[in-house]
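The structure appears below as structure tokens.
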Amino acid sequence: MFVINCPYCGERDQSEFSCGGEAHIVRPKQPTELSDDEWAEYLFMRKNIKGVQFERWNHAHGCRKWFNMVRDTSNDKIHAVYKMGEEPPVI
Amino acid sequence: MTKYRINKTRFVDQTKTVSFTFDGKKYHGFEGDTLASALLSNGIHLIGRSFKYHRPRGIMSCGSEEPNAICQINDNTDLTEPNVRATEIELYEGLKASSQNCWPSLNFDIGGINNFISPFIPAGFYYKTFMWPKSFWKKIYEPLIRLSAGLGKSPTQPDPDIYDHKHEHCDVLVIGGGISGIISAKIAAKNNLKTILIEDKNILGGSTIYQNNKNFIIDNQKSNEWLMNEISELEKLDNLIIKTRTSLAAFHSYNYLLAKENISDHLPLDKKNSSIRQRLWKIRADKVIVAAGAIERPLIFNNNDRPGIILANSVKKYLDFYGVSTGLNNIIFTNNDSAYETAVSLFEKGISVKIVDIRKKSSSNIVKNAEDLGIKIYWNSTVVNTFGYKKIKSIEIMNLSEDGSNVTGNKHKIQCDCLSISGGWTPMVHMHTQSGGKLDFREIDQVFVPTEKCENHINVGSCNGDFELEEIVKNTNYKVKKFLNINEGGFDKISVLCSKESEKKNIWLLPNTISESKTKSFIDFQNDSTAKDIKLALREGFKSIEHVKRYTTTGMATDQGKLSNMHALGIIADTAGVKMGTLGTTTFRPPFTPLTFGAIVGRSVGKFFDIVRKTSIHEWHVQNNAKFENVGQWKRPWYYPINNENLHEAVQRESKAARDSAGILDASTLGKIDIQGSDASEFLNRVYTNAWSKLGIGKCRYGLMLNEDGMVYDDGVTTRLGENHYLMTTTTGGAANVLSKLEDYLQTEWPELDVYLTSVTDHYSTASICGPNSKKILNKLFPNKDFSDEAFPHMSYQDAIIDKIECRIMRISFTGELSYEINVESKYGKSLWENCIAAGEEYKITPYGTETMHLLRAEKGFIIVGQDTDGTMTPIDLQMDWIVSKKKYDFIGKRSLYRSDTMREDRKQLVGLLTDDPNEILEEGAQIVSELDKKPVEMIGHVTSSYFSPNLNKSIALAVVKGGKKMNGQKLFVPMENKNINVTVSDFIFFDKENKRINA
Ligand SMILES: [Zn+2]
């Protein structure tokens, strides 16, 4: 059970948050112009790596804000949290 | 005093007698005893039978590692508790315990025959044998296994006890109240850190508290006396919380720990009832100091499982702590010095003792102490066999060969009534590894010790691999100071004298003269796996420790292999000829000791299991005999039976009334989201499949929402309240998820949109009135309002006042009837409802529930998301092409509607089904086939909704069928258990296809 440092609220228990999967997957601006394969890449393909991963999290039982997190899935160490729209930090 | 209670100690109050029963017979112990020490004081060793071979087994240890002495507590079958370790349960007046896994009785056990046929039940026996013939499994093998297997009986009634959860935060959590835990807690608390010390026993002190040997001296006092002074000083510290009877269950990441406190388990029966039984502490600690101690290892030799074979340090604890002798003629069998402390203690109490040591010599102080006392020591020797069925009677020993791989010379038989064994010590690294810590293998004494690379916890004392008193005290002081960044710990000038071990030797599987196949050298006592099982697994090709563990079931019993895992690893390493450190260990998973389900769920039982949401009209429904249905967390009226009506009868009546005159439904539970902002219209355009820009103010529109994969996600009517203001409704169950999804898109994909979302589901109550007389009822309720089709057309909304209360009226319909939904602030919901009922009385307005609502909309072919859809249906599959905008450039899920898979023509599509026999009602979920004779039977779809329609006087059903769009009129079959039902595919709008009634 992590302690997550919400960029808007500060440190809170993990039970207040929900994870939204891989971060920095941008919804294509012109979906109709994509091939099936290109659309499928956006729609279905997600990494689930052992190691440093960029993830979306939502403070669902708090401020309800979405934000990004850099987490090492092998030891659950959280390297950084940052707001949506901000550049990902270099880890 | 009984024959075996030979010593008076400060830990057991021999003036306070406690009576208890074991297997129906009454015994006495004293306050301070455990069930195990009380049984031993009565000379009882035989406690149970082993799992597979049903061999007699006795008490083997004094703690949570106990594999054998597991009991059933309480003889009341309603409330009985199985698998309780006799070594852990504190004796209380009225305790009733019995042995498990023996039938018909402990002393005569039929399963014991397994012991004699055991050459035929090796590892993997069940996997191999019971596979064939297949039909034998269900009828013969499984019932037989179930009869003879099992560990105790489950209670038959709900648990009457109260369990509690509590959150706690602290600067420092110390796990374990032995000497290193006490030193750690004192350093932390004295330096103004909020500290919690937890200890699973009822008193602090660990094994040092009964260490009265003169070779162990701290500051010129015997170590036990020094520690007692420390404990009394500790209890005076303000910012230290000491929790005894509290065991750590789990050590999760970020120093989040679960600990279980026993609050009333030790109390006499008459005092238990009023109290909470157990409390689960959820602790978030800034720093954690693990001082969990070590567990003594057994030795692995032939017939090492007889009652009376006990771990050496446990023998010492029974003697010096409980005052109980485990035997009067004791033999110690050891590979290390620590067992000599037991020998000296026994000798000093006048008990006959001899020592068998696999080492050639040892020159430490404690060994010299034993030699000086004249205790006979057999060096370089090993036990090769033991005798005595229900209690050990004698042993045979032999000399070891030069390299220890074999035995030489003659067998020598020695009589005894207790064999104390010690194979060294295993640090309790469970906590460390649970939290993500790694381990190193230490060759010299063959132990896994924690690596130092942890930020927020440390391990001190014997769980860190420090076994000698001096290094325990000094290293703990040093490590804790460094960890907490403290200069002065208060233990810097301490002087410690202790015996130091210099000769070490370990043999995982001791050699024997007889062939391995004829020996029983137990590794996992509870699961009856032996050294030969492990070797068999290796011969059969299992290499990974995790596979060997599962194949042989070693380490998989309720004791989680606390005694067995290291030996299993050692034997695998020896047999495979690899270094033990390279094998790794099995994973140590929480809980460290079994947790009761009660402790896990705490107070979340019965009505506290989940939140119950009720509408403001709920009380009226109850008074009017409604039966309720759970929809998400909501209680919704399901139907309102009159007199003795059943569901079917009530629904037929309600459905007819709604179409013939007027019906009223509590629609308050529908999800409601208030949407405001200058981009609200654009936002709706992007989340719904249809167009929203041109919806006039005061108008309503039905919308369908997809997931990005093109599948229908939710639906509902949205009303434009103002230029930049909408009220969206969602399905009852989908409200929270829809809000989350909309927020997600707004925050992450379209942050440029000026839109604000507010959940207002609970803010409004809704009475929905439908039927040909609904307009007349509305006229009575709102006499000043014009309800003509021109002034108030279908799919529009108006504000109104009723009883000085503002309300919104939406003219929308989910039944196909002329229909109005009146919304008021929730607190006025019941009064609105009662007004509606009163106004409708002359039209026999009939309250109806969800079942009738479902029937009415099915007659009209309106889908229910989640019933007629299941996350694999596109709007095209639902034949709802009309709602998918061709003009809009994009909306959520649009692109997916043009994927090759979603455009397949043989996808399951929504159709109507009519049974050839109009009185036959299909079962929802029933499967549909087109050819009855085809093998294997091909399922081409299933029934999603099915009712008997009183308005059509025939049964109707909605279904999804592969390629169903083009199958109108085709005959299909619904095979049921006893018959095949003939059905015909039809249009799914069964009633009022022309939509005349909406404006009737
Ligand atoms: Zn927040």
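The values are calculated or read from the model by the stated rules, or taken from the named source; none is laboratory data. Since the model is a prediction, treat every value here as computed from it, not as a measurement. Neighbour counts run over all protein chains shown; Cβ positions are idealised from the backbone, glycine included.
When you go through B:A568, B:A573, B:A531 one by one, which is the residue that is of a type in the set (G, A, S), surrounded by fewer than 23 Cβ atoms within 10 Å (Cβ to Cβ) and under 23 Å from B:G424 (Cβ atoms)?
B:A573 is the lone residue from the list that is of a type in the set (G, A, S), surrounded by fewer than 23 Cβ atoms within 10 Å (Cβ to Cβ) and under 23 Å from B:G424 (Cβ atoms).
For (1) of a type in the set (V, I, T); (2) part of a loop (DSSP other than H, G, I, E, B), each residue gets a yes or a no:
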| site | (1), (2) |
| --- | --- |
| B:N643 | no, yes |
| B:V651 | yes, no |
| B:K656 | no, no |
| B:S681 | no, no |
| B:A691 | no, yes |
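Take segment B:606-629 and flag every residue that is under 28 Å from B:D161 (Cα atoms), without any contact (Cβ under 8 Å) to a residue 40 or more places away in the chain and not in a helix (DSSP H, G or I).
B:F609, B:D610, B:I611, B:V612, listed by residue number.
(1) modelled with pLDDT of 95 or more; (2) surrounded by fewer than 17 Cβ atoms within 10 Å (Cβ to Cβ); (3) away from chain A (no Cβ under 14 Å): which one isn't true of B:T869, the others all being true?
With respect to (1) modelled with pLDDT of 95 or more; (2) surrounded by fewer than 17 Cβ atoms within 10 Å (Cβ to Cβ); (3) away from chain A (no Cβ under 14 Å), B:T869 is out only on (2).
Rundown of residues vs (1) of a type in the set (S, T, N, Q); (2) under 16 Å from B:L958 (Cα atoms), yes/no style:
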{"residue": "B:T869", "(1), (2)": "yes, yes"}
{"residue": "B:R895", "(1), (2)": "no, no"}
{"residue": "B:M903", "(1), (2)": "no, no"}
{"residue": "B:Q909", "(1), (2)": "yes, yes"}
{"residue": "B:L914", "(1), (2)": "no, yes"}
{"residue": "B:G925", "(1), (2)": "no, yes"}
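When the residues of segment A:50-70 are narrowed to those that are away from chain B (no Cβ under 11 Å) and part of a strand (DSSP E or B), which ends up nearest to the ligand (Cβ to nearest atom)?
A:W57
What single numbered condition from (1) under 43 Å from the mean Cα position of the chain (by Cα); (2) within 14 Å of chain A (Cβ to nearest Cβ); (3) assigned to a loop (DSSP other than H, G, I, E, B) fails to hold for B:S885?
(1)
Provide a single number: the residues in segment B:428-450 that are farther than 18 Å from B:M566 by Cβ and free of Cβ contacts under 8 Å to residues at least 40 places away in the same chain.
Selection size over segment B:428-450: 0.
Being out of contact with any helix residue (DSSP H, G or I) (no Cβ under 6 Å at 6 or more places or on another chain), within 14 Å of chain A (Cβ to nearest Cβ), under 23 Å from B:I812 (Cβ atoms) and not charged (D, E, K, R) narrows it down to one of B:L684, B:L706, B:L670, so name that one.
B:L706
When A:H79 is evaluated against the numbered criteria (1) more than 9 Å from every other protein chain (Cβ to nearest Cβ); (2) farther than 18 Å from B:L742 by Cα; (3) surrounded by 15 or more Cβ atoms within 10 Å (Cβ to Cβ), which criterion, by number, is the only one it fails?
All conditions are met except number (3).
When you scan segment B:643-657, do you find a residue that is under 30 Å from the mean Cα position of the chain (by Cα) and either farther than 30 Å from B:K954 by Cβ or of a type in the set (D, E) (or both), even just one?
Within segment B:643-657, not a single residue is under 30 Å from the mean Cα position of the chain (by Cα) and either farther than 30 Å from B:K954 by Cβ or of a type in the set (D, E) (or both).
May I ask you to verify whether B:A250 is over 27 Å from B:G350 (Cβ atoms), within 14 Å of another protein chain (Cβ to nearest Cβ) and small (G, A, S)?
So B:A250 passes the test.
Would it be correct to say that B:K317 is under 23 Å from B:I209 (Cα atoms) and not acidic (D, E)?
When the stated conditions are applied, B:K317 passes them.
Per-residue answers, yes or no, for (1) more than 10 Å from chain B (Cβ to nearest Cβ); (2) more than 13 Å from the chain's Cα centre (by Cα); (3) aromatic (F, W, Y); (4) within 16 Å of the ligand (Cβ to nearest atom):
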residue: A:F2; (1), (2), (3), (4): no, yes, yes, yes
residue: A:N5; (1), (2), (3), (4): yes, yes, no, yes
residue: A:C9; (1), (2), (3), (4): yes, yes, no, yes
residue: A:R12; (1), (2), (3), (4): yes, yes, no, yes
residue: A:F17; (1), (2), (3), (4): yes, no, yes, yes
residue: A:E22; (1), (2), (3), (4): yes, no, no, no
residue: A:R27; (1), (2), (3), (4): no, yes, no, no
residue: A:Q30; (1), (2), (3), (4): no, yes, no, no
residue: A:E38; (1), (2), (3), (4): no, yes, no, no
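Looking only at residues that are touching a residue at least 40 places away in the same chain (Cβ under 8 Å) and β-branched (V, I, T) in segment B:756-815, which one is surrounded by the fewest Cβ atoms within 10 Å (Cβ to Cβ)?
Restricting to residues being touching a residue at least 40 places away in the same chain (Cβ under 8 Å) and β-branched (V, I, T), the top hit is B:T758.
Exactly one condition in (1) within 21 Å of the chain's Cα centre (by Cα); (2) at pLDDT below 85; (3) among the polar types (S, T, N, Q) is false for B:S604; which is it?
Of (1) within 21 Å of the chain's Cα centre (by Cα); (2) at pLDDT below 85; (3) among the polar types (S, T, N, Q), only one is false for B:S604: (2).
Looking at segment B:164-271, what strands (runs of 3 or more DSSP E) fall wholly within it and have at least 1 residues that are crowded, with 22+ Cβ neighbours inside 10 Å?
Because the criterion is at least 1 residues that are crowded, with 22+ Cβ neighbours inside 10 Å, the strands (runs of 3 or more DSSP E) in segment B:164-271 that meet it are B:195-198, B:246-252, B:256-262.
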